[in-house]
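Novice: I have a structure here, written as structure tokens, and I will follow up with some questions on it.
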Amino acid sequence: MTKTIGITGGIASGKTTISKFLKTKRFAVHDSDLVVRQLYLKPNKVFLNYLKKIKLTHAIKKNKINKALIREEIFNNKTKKKKLEKFIHAEVRKSRNKFLLKHKKKKTKLIILDIPLLFEARLNKICDYIFLLYLPKKTKIQRAMKRKGMKRKILLKIIESQLSDAYKRKKSDIVINTSRPKKETFKMILKSINNIIKSNA
């Protein structure tokens, strides 16, 4: 029987790094952020037209999208934010459902879903186990501010828009502090996954 691990965490908590690492270990991983990044890097006509429809045309230049400009716009306009999220979440859901179907058909024993807004989107119900990647707020801000085009004001709005770490900790099966060295974090993740595999053998 296929078991599903959901990996979640706030901005800059190390989800992308962990997902890449788990893929190198041959685990079946669906990375929601990767789907979104590809959508912005290689936007199709449907997405470009949708951005124009919700009045984000100024963020498009020669079929390329200025993500930083969009981020700033939507965190100052709740209506546009909701509309954009609706489209993006639908695209991620389609990709995730296709991934789940593929691996359930293959009878893959363990699949991993990297879902940033797992609790916010109430996707905890599709996971057998939930891993929370936790980062103290100060470290989270320091890491996120290194991102290209990130502004402190917008970053704080992003953090405020997400459920608190305290809530997520209560609802998670495993909490991993990613402020520790990468090797230590990787070791903890693998140990937790191996414990799940053993308990379901």
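Novice: Can you name the condition, by its number, that LEU113 falls short on among (1) part of a strand (DSSP E or B); (2) at pLDDT below 95?
Specialist: Status for LEU113: all satisfied but (2).
Novice: Assess whether ILE154 counts as being open to solvent by less than 90 Å² (accessible area, probe 1.4 Å), of a type in the set (A, V, I, L, M, F, W, C) and touching an Asp or Glu at 6+ places or on another chain (Cβ under 8 Å). Step through it out loud before you land on a result.
Specialist: Details: open to solvent by less than 90 Å² (accessible area, probe 1.4 Å): yes; of a type in the set (A, V, I, L, M, F, W, C): yes; touching an Asp or Glu at 6+ places or on another chain (Cβ under 8 Å): yes.
So ILE154 fits the description; yes.
Novice: Is there a residue in segment 54-67 that is in contact (Cβ under 8 Å) with a residue 12 or more places away in the chain, under 29 Å from ALA166 (Cα atoms) and either open to solvent by less than 100 Å² (accessible area, probe 1.4 Å) or hydroxyl-bearing (Ser, Thr, Tyr) (or both)?
Specialist: No; the residues of segment 54-67 include none that is in contact (Cβ under 8 Å) with a residue 12 or more places away in the chain, under 29 Å from ALA166 (Cα atoms) and either open to solvent by less than 100 Å² (accessible area, probe 1.4 Å) or hydroxyl-bearing (Ser, Thr, Tyr) (or both).
Novice: Another question, then. Inside segment 145-172, can you point out the residues that are part of a helix (DSSP H, G or I) and either at positive phi or touching a residue at least 60 places away in the same chain (Cβ under 8 Å) (or both)?
Specialist: Of segment 145-172, the ones part of a helix (DSSP H, G or I) are 152-161, 165-171.
Within segment 145-172, ILE154, LEU155, LYS157, ILE158, ILE159, SER161, ASP165, LYS168 meet the criteria.
Novice: While we're on this one: Kindly provide the set of residues from segment 1-33 that are surrounded by fewer than 17 Cβ atoms within 10 Å (Cβ to Cβ) and under 10 Å from the mean Cα position of the chain (by Cα), ordered by number.
Specialist: Within segment 1-33, THR16, ASP33 qualify.
Novice: Next question. For segment 38-48, how many residues meet the condition of being open to solvent by less than 90 Å² (accessible area, probe 1.4 Å) and without any contact (Cβ under 8 Å) to a residue 24 or more places away in the chain?
Specialist: Initial filter on segment 38-48 (open to solvent by less than 90 Å² (accessible area, probe 1.4 Å)): 39-40, 43-44, 47-48.
Filter again for without any contact (Cβ under 8 Å) to a residue 24 or more places away in the chain, leaving 43-44, 48.
Looking only at that region, the number is 3.
Novice: Right, next: Would you check which residues across segment 1-33 are under 17 Å from LYS187 (Cα atoms) and among the hydrophobic types (A, V, I, L, M, F, W, C) and list them?
Specialist: We begin by selecting, within segment 1-33, every residue under 17 Å from LYS187 (Cα atoms); these are 5, 7, 13-27.
The answer is ILE5, ILE7, ILE18, PHE21, LEU22, PHE27.
Novice: Which ones in segment 17-37 are without any contact (Cβ under 8 Å) to a residue 40 or more places away in the chain and more than 21 Å from LEU101 (Cα to Cα)?
Specialist: Listed by number, the residues that qualify are LYS20, THR24, ARG37.
Novice: Looking at segment 173-183 only, could you name the residues that are over 18 Å from LYS140 (Cβ atoms) and in a helix (DSSP H, G or I)? Don't jump to the end; show me each part of the working.
Specialist: Taking segment 173-183 and keeping what is over 18 Å from LYS140 (Cβ atoms), we get 173-174, 183.
Result: LYS183, single match.
The values are calculated or read from the model by the stated rules, or taken from the named source; none is laboratory data. On a predicted model such as this, the values are computed, not experimentally measured, just so you know. Neighbour counts run over all protein chains shown; Cβ positions are idealised from the backbone, glycine included. SASA here: full protein model, heavy atoms, side chains in, ligands and nucleic acids out. Shrake-Rupley method; radii C 1.70, N 1.55, O 1.52, S 1.80 Å.
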